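A quick write-up on the structure given underneath.
Laboratory data are not the source of any read-out in this text; all were calculated from the coordinates shown. No experiment lies behind these values; they were computed from the predicted model shown. As a convention, Cβ positions derive from the backbone with ideal geometry for all residues, glycine included, and neighbour counts pool all protein chains shown.
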Amino acid sequence: MANGPPIRRTHPRQARHRPRAPGRRSQQAVHRPAARHGLNTALRFSRATEPEQLFTGQWQSRPTKLDAYKHYLDQRWQEGCTNAWKLWEEIEAQGYPDGYGNVRAYVSRNLRGKPQPVGPRPPSARAVTRWILTHPDALAESDRLQLKAVLANCPELDAVAGHVRSFAHMLTQLQGHQLPAWIEAAAAADLPSLQRFVRYLERDLDAVTAGLSQPWNSGVVEGHVNRIKMLKRQMFGRAGFELLRKRVLLYS
């Protein structure tokens with residue numbers, strides 16, 4: 001019999017169903033770096049005094065395609081342009097290759113929350129529309145000055161305001177005989193939205209002319225229609241037709 005180290009025999013079934021587990025020391029070596037990393041992260045979050053300190057990391061120092069346009073974005077923000085989509089369109093026209101998401105993220109993370117842009121904010125489209133549709137004598141002095149500045153910077157809008165006010169004069173003064181001349185002037189203007197309005201007027205020109213000439217209107221009828229609709233909404237699902245009919249007759 002040959003001499004040699006003793007052989008430890010293991011039953012084949014035991015070797016197949018009971019694999020040897022790693023030692024306790026190796027498990028601790030695997031989990032110790034992860035635990036240390038989690039502890040460092042928790043300490044960094046607990047010691048942060050500003051929200052910006054929670055976003056520190058290697059990814060912030062990486063160069064991006066937006067870096068060349070950040071100065072322009074900051075300048076436009078100070079000028080009053082706070083619309084991220086508008087800013088993205090402007091830098092895209094200058095050659096920015098990426099999409100809107102990066103610009104939105106930069107605006108949300110770096111620009112929002114800063115002091116308000118220097119100088120007055122530009123008026124909204126709704127405010128300018130209200131100023132144009134209001135009689136000049138009924139406008140406040142501040143609104144009149146702002147509208148004057150807006151129209152001076154936009155010749156197309158100035159032309160639209162002139163046509164709108166001349167049409168309003170026809171409407172309030174019942175001067176329907178001036179409608180053909182107004183339609184001719186509006187159709188000759190290079191204003192697509194106004195030209196579409198003219199085409200709709202020409203579809204029923206006689207009725208429009210009568211509406212601009214006669215003192216009668218359908219305001220009373222429209223008032224009754226709105227009143228009946230209000231009663232129907234109030235009683236929907238609560239009563240039958242007979243009670244609805246009675247309320248309509250009593251309120252007339």
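Structural remarks
- Whether segment 62-111 is rounded, prolate or oblate, judged on the alpha carbon gyration tensor where a/c under 1.5 counts as rounded: rounded
- Sparsely packed trypsin sites (Lys or Arg not before Pro) within segment 174-222, loop by DSSP, other Cβ within 10 Å at most 10: none
- Separation of segment 167-204 and segment 123-145, taken as the distance between their Cα centroids, equals 22 angstrom.
- When Phe167, Phe241 are arranged by Cβ crowding within 10 Å, least crowded first, meaning fewest neighbours, the order is Phe241, Phe167.
- Exposure proxy ranking, count of Cβ atoms within 10 Å, fewest first, for Tyr69, Tyr100, Tyr106, Tyr200: Tyr200, Tyr100, Tyr106, Tyr69
- Amide H contacts for Cys154 (H built 1.01 Å from N in the peptide plane; partners 5 or more residues away or on another chain; cut-off under 5 Å): none found.
- Convex hull volume of segment 155-216 per residue (C-alpha atoms, cubic angstrom): 70
- This ranking places Ser108, Ser142 by how few other beta-carbon atoms lie within 10 Å of each, fewest first, which gives Ser142, Ser108.
- Set of aspartates and glutamates with alpha-carbon distance to Lys65 below 16 Å, sequence-local pairs under 8 removed: Asp74, Glu89, Glu90, Glu92, Asp98
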